[in-house]
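Engineer: Let me give you the structure first, and then I'll get to my questions.
Taken together, the values in this text are just the output of simple stated rules run on the coordinates, not laboratory data. If you're wondering where the values come from, they're calculated on a predicted model, not measured in any experiment. Because the Cβ atoms are built from the backbone with ideal geometry, glycine has one as well, and the counts that use them run over all protein chains shown.
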Amino acid sequence: MALVQPGRAFLRGIRVVARSDRFLRLHGRSTTLKCQCFSSESKAEENSPVTPMLKHLMMKIKSTGPITVAEYMREVLTNPVKGYYMHRDMLGEKGDFVTSPEISQIFGELIGVWFVSEWMAAGKPKKIQLVELGPGRGSLTNDILRVFNQLSSVLSKCDISVHLVEISPKLSEIQASVLTEGKTELTESPTTYMQGITKTRLPIFWYQDLNDVPEGFSFYLAHEFFDALPIHKFQKTEKGWRELLVDIDPDTPDKLRFVLAPSATPAAKAFIHDKESRDHVEVCPDAGIIIQKLAHNIEKNGGNALIVDYGHNGTKTDTFRGFRGHELHNVLISPGTADLTADVDFSYLRKIAQERVATLGPIKQHDFLKNMGIDIRLQVLLKSVNDAAIQTQLLRSYEMLMDLDKMGGRFHFFAMLPHSRFTASDQQKKSKDSTSHSAFVAGFGELSWK
């Protein structure tokens, strides 16, 4: 089956974004990626302040006893009053971590090309919903919409709308500024809390919950979203599997510590299977619920989902870590002031999704972007600018995105598509031991630009 592509001309067509810092928003500053592992037993910061979140957690633990790591993450990150994500901009040079869309416009452009390619492969349906989960500052959606606008002649008969699932008031405010130039309004709808018109004149809506997004042919996008969902942690002991809990340290009353549950918790019984060979396991039930929802919608209405994150195929153990000021940070110190994250188990996502949809990947970011033509796009941008400083920034951003020791090797792309996406001939060509149709989908197989 030939890959359906908008064509090589597109990679030459989009103009360089005017602001030079869009190519390397870090301005060349060295940054610690969220992909590094961090053990809670690393040296803790000394004399850490007792944060409002710590006080809240200690009261909770004193009232109900030790809490699960999942409950700890949920409170620390998304508590409506004190949660880390709720009232701050944690991205970029002045934040706690950086993401690929904040490094280079090319990243989002190539994802935009991928969506257009899949729209064409699906028979050019007349209506598309672009749905992003946890859109950050809105940079990724902004770059994708610029691609859609550049290809307006191809998409002219397609009704496109944008749907953002965002719980943070602060980030939704930033997204509105980036995507609509402030042309939004609050709504009294039971499902949306804000709506507006994008700079490319498309309707855009904000939601607190994925379940509130209307069903229909949708492109779902989750970039560094699943890594922040709450996880349960389990440890194999001589007495069987025990869940790790968070408790108050009796020796230092204003600090927290990890403890093992004295007996098997309901979560341990539900999520640990008999054939598990690792001695430490992290499970994210929320990820399973979301994947089920996406798979159901794709099976019923068509479309696809593209998930970009750092993760593994059911092989890693202790990946729970924190980040503050671009540095690794002890997950139990000063809760509410640092990001908490854990690697995504793509084997778990695949297992949840596969009965309903076809899955592709995970493949390394380096491979996906290379297959999508990033080298061609880089050369086009380099030739389009005469400023040596901007050219240097372009090359630095390319290196960070593609270097296998940086984002190129640490981040992975994982896709879900309807089984109807693949023809009978594709099924026959597919090797018997393959778990995907990667050779027949852009990005997951090397492109032939014809």
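Engineer: For G336, what is the net charge nearby, where nearby means another residue's Cβ is under 9 Å from its Cβ and Lys, Arg count +1, Asp, Glu -1?
Structural biologist: Residues close to G336 contribute a combined charge of 0.
Engineer: Can you give the extra length, in nm with one decimal, that the chain gains between L395 and K126 once fully stretched, where that is 0.36 nm per residue apart less the Cα-Cα distance?
Structural biologist: Once the chain is fully extended between L395 and K126, it gains 93.0 nm.
Engineer: Whole-Hz ³J(HN,Hα) for each residue in the range 223-233, computed from phi via Karplus 6.51 cos²θ - 1.76 cosθ + 1.60 with θ = phi - 60°, x for glycine and proline: what do you get?
Structural biologist: Per residue, the Karplus-derived 3J(HN,Hα) values read 10, 6, 10, 5, 5, 9, 6, x, 10, 9, 10 Hz.
Engineer: Sticking with this structure for a sec: In the range 150-274, how many lysine pairs have Cα atoms under 27 Å apart, counting only pairs 8 or more places apart or on different chains?
Structural biologist: Count of close lysine pairs: 10.
Engineer: How do the peptides 218-226, 182-190, 144-152, 75-83 rank, highest first, by the average count of neighbouring beta carbon atoms within 10 Å per residue?
Structural biologist: 218-226, 144-152, 75-83, 182-190
Engineer: The range 236-279: which GluC sites (Glu not before Pro) are DSSP loop and have at most 16 other beta-carbon atoms within 10 angstrom? Numbers along the way, then the final one.
Structural biologist: Details: sites: E238, E243, E276; in loops: E238, E276.
Loop-located and lightly packed - E238, E276.
Engineer: Cα to Cα, under 18 Å, and not fewer than 8 places away if on the same chain: which aspartates and glutamates meet these conditions relative to K364?
Structural biologist: Excluding near neighbours in sequence, the set is E109, E224, D227, D309, D343, D345, D375, E399, D403, D405, E446.
Engineer: May I ask you to compute the full-extension gain from K239 to D286, defined as 0.36 nm times their residue separation minus their alpha-carbon distance, rounded to one decimal in nm?
Structural biologist: Full-extension gain reported as 14.2 nm.
Engineer: Which whole-number percent is the relative contact order of the range 199-282 (Cα, under 8 Å, 6+ apart)?
Structural biologist: About 25 percent, as a whole number.
Engineer: Dipole size in debye (nearest 20) for the range 299-432 around its Cα centre, Lys and Arg Cβ +1, Asp and Glu Cβ -1?
Structural biologist: Values: 18 positive and 15 negative charges, 106 e Å.
Taking the Cα centre of the range 299-432 as origin, the dipole is about 500 debye.
Engineer: List the GluC sites (Glu not before Pro) within the range 283-365 that fall in a DSSP loop (any state other than H, G, I, E or B) and whose Cβ has at most 15 other Cβ atoms within 10 Å.
Structural biologist: Qualifying residues, ordered by number: E355.
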